[in-house]
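The values are calculated or read from the model by the stated rules, or taken from the named source; none is laboratory data. Worth saying up front: this structure is predicted, and the values here are computed from it rather than measured. Cβ placement follows ideal geometry from the backbone for every residue including glycine, while neighbour counts extend to all protein chains displayed. These area figures cover heavy atoms from the full protein model, side chains too; ligands, DNA and RNA do not enter into them. Shrake-Rupley method; radii C 1.70, N 1.55, O 1.52, S 1.80 Å.
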Amino acid sequence: MAATVKSEPLESNIYPETEHCHSFSFSCSTHKITKEEITCTKPGTILRALKTNDTFKELNQMDNKTLKGKDIVIKSYKGYIVKHFPCWLIKEDDLLTIEMVTYATDETAGDTDEETDNYVTFSIETTGGKNSKSKPILRNKQLQSYRPLCIYAKQKEEVKKALRNDGRFSDIVFEQKCQLSERLTGSKVSMGQIAKKLNGRNFEICLTKRKEETETKMETSDSTIKTLVNSEGDRTQMTPSTLTTETSDVGESSSRRKQKRKSNPMPDHGEILTILRNQFDDLVKQMESRREDSQKKTLPEELDLMKQEFGKIRQKFSEVHRVKKLIKLGASVCQVIVEGVQGVQGTGFVLFDNYILTNGHLFGENVRKNMQLLVDVSVKFNYENPNGSDVNVIKAKTLLIDFQHGLQGKHYMDYAILEMEPPKNKQQKKVPPGLLREYGPVPACGGACLIGHPGGLVKQMDPTSIIGSEIREEAANKYKRENGHAIFTINDAVEENKKRHEDVMQENKDDFVTYNTSFFHGSSGSPVFDDLGRVFGMHTGGFDYKDKRTQSTQSVLEYALPLFTILQNFVIRLKEDNNQAVLTRVQEEAQKNLFLFEALFKTCGHEPMDMS
């Protein structure tokens, strides 16, 4: 990423010679390149794929004076990637952004493999964390503003090797005692750990102090001592005097240890065994207490990390240009009113034309098998003022266009598509534009924003941060620790939706997008936007409970369904029903979003995708 373009070889024989075809696009605002599509047919680095594009070649061959002292950096939806990033790790619908950075530093050639499916990606912040905030962790300090850095690694590769192969990190990361600290939970990952479990997680680099190293060694010694087993299967424990002698032997050579054993004959074995057994229980309790105290000390640090991250996200979504864009897109969000059913309320948004997307569970048993509604439904737009002025209420047709609630094949579905009645007169206000054309992929991490009508109230916005699938369980456990006063109520809420909880908590389960939000009842069906204003999901539910101490509704975790999964199932239904009119309109709207159209209706060979 921070290397000269000319340093990257065009050809390499280290990549698999298998069928390979995928598309992505790139843009470069500094050189007025808005969007250029590339179809990659040969595995290799992302730079090699870029060099197959004539526009990029012109950028590369520009006057040396214009590009003197500058080099490109490449941003994907995961973060800033290196130029030797494997092209097959770029998602089909990703838009790469190319920017310029000064004072380039050379990158390594990268360490690749002939297999294309044994890699993971994770992100690292460009500034250090605990004990290393002032440390120059990057070789090129100009890259500090290009965050986060996306790292790729083989699943069985050590973290340290992956960072070396990346080429952007300074020697201090490898020469001093550094480790990764997850920003969301504060979990520590050593440089010697393999990268298999790091996929999709966000870290910062922390420096380990001598005191922390000593405590780690002591804990290691404690655990070793606690699990000693004699030849008869009895666990044993050393006395303090024996512990001192044993630990002092660790750094000595085997010959000196042999001499020491010869000069210090062991006393009666039976007597030592009796002493060890008598002291074992007390020492175990002491060690467990030490660990509990250590964990209590790290909890505030984890809370600080989450507060810092959430503070940055709130600040990002408070930028005026983002707020203006979200307000404009939010005009398509409406309140869904289910008449005659007490306590049922929700949110929806215009998908295209007169079609509204919302959650299927709002209607429940009030839908026949032929998708005929047994209740009257209407939608309310512009409900932004508490006095109800300027609202636009439109009645929905009683026949749904699509309704799927429950397990559909391998995926859990919960959506309904309503069709609004046509305007009765010219004075009726127009329906806001649909959000189908504003589709975007699900971000691996970072910020998100919900727009909806929680509690049936006026339209609201709620910025939040995405919780990756790999750390959902950790995040839920952390929430339970923080709210121990309501642990029984929380467990009851989870037990009521046990099957759903198990599905959501599955690692690498892409059927759900998880986060924390204050959007509870009435917000089901709200669109979820990324920080670029692209809608990637529909808020669906969570594991909420009533906190008896505060008398307020709280939630362990909330989740959305990916919009793309919903659209895939919707297209299948339209084909099965032979609804050519609506299917044609979906195609026409999807064509306004290149990535969506290619993913839904085409493959690289321009043949219809097998949606089953």
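Observations, loosely collected:
- Difference of contour (0.36 nm per residue) and Cα-Cα distance, K316 to T55: 90.7 nm
- Percent of C-alpha pairs per 10 Å bin, the stretch 121-201, short to long: 18, 58, 24, 0
- For T121, the accessible area of its heavy atoms, probed at 1.4 Å with every protein chain present, is near 10 square angstrom.
- Computed over the stretch 448-603, the alpha-carbon pair-distance distribution with 10 angstrom bins reads 10, 33, 32, 17, 7, 1, each value a whole percent.
- The largest accessible area among M420, M461 belongs to the first residue in M461, M420, and the rest follow in falling order (1.4 Å probe, all chains).
- Annotation: R573 carries an accessible surface of approximately 50 Å², with a 1.4 Å probe and no ligand, DNA or RNA atoms counted.
- Separation in nanometres of the label points that stand 7 Å from Cα toward Cβ, at D547 and K156: 4.7 nm
- Annotation: for a label point projected 7 angstrom from Cα along Cα→Cβ of L457, residues of the stretch 523-540 with backbone N closer than 15 Å are 523-524.
- Kirkwood hydrodynamic radius (C-alpha pairs) into Stokes-Einstein, the stretch 371-518, 10 °C and 1.306 mPa s, D in µm²/s: 84 µm²/s
- Label-to-label distance, S170 versus L532, with points set 7 angstrom from Cα along the beta-carbon direction: 3.2 nm.
- Contour minus Cα-Cα distance for F488 and N118 (0.36 nm per residue): 129.1 nm
- In this structure the stretch 357-449 gives 51 Å² per residue of accessible area when probed at 1.4 Å with all protein chains present.
- Compared with the direct C-alpha span, the chain from I327 to R147 gains 62.1 nm at full extension, assuming 0.36 nm per residue.
- Rh (Kirkwood; distinct C-alpha pairs) - the stretch 538-587, Å: 13.7 Å
- For the listed residue pairs K380/K592; K141/K161; K324/K575, the alpha carbons are over 30 angstrom apart in K324/K575.
- Ordering R437, R500 by accessible surface, largest first, gives R437, R500; the 1.4 Å probe counts only protein heavy atoms, with every chain in place.
- Distance in nm between pseudo-label sites at N579 and E37 (7 Å out along the Cβ direction from Cα): 2.7 nm
- The stretch 450-538: equivalent-ellipsoid semi-axes (sqrt of 5 x gyration tensor eigenvalues, Cα, Å): 23, 17, 12
- Averaged per residue, the stretch 479-587 has 43 square angstrom of accessible surface, using a 1.4 angstrom probe with ligands and nucleic acids left out.
- Sequence ranges 382-389, 74-81, 131-138, 334-341, ranked by mean other-Cβ count within 10 angstrom, highest first: 74-81, 334-341, 131-138, 382-389
- Shown is the FRET efficiency for K196 and D390, computed with R0 = 60 Å from the Cβ-Cβ distance and rounded to the nearest 0.05: 0.65.
- Accessible area in square angstrom per residue, the stretch 112-210, 1.4 angstrom probe: 44 Å²
- Each part gets one Cα centre, and for the stretch 406-469 versus the stretch 113-164 those centres are 35 Å apart.
- Globularity ratio of the stretch 444-492, using Cα Rg and 2.2 N^0.38 Å: 1.48
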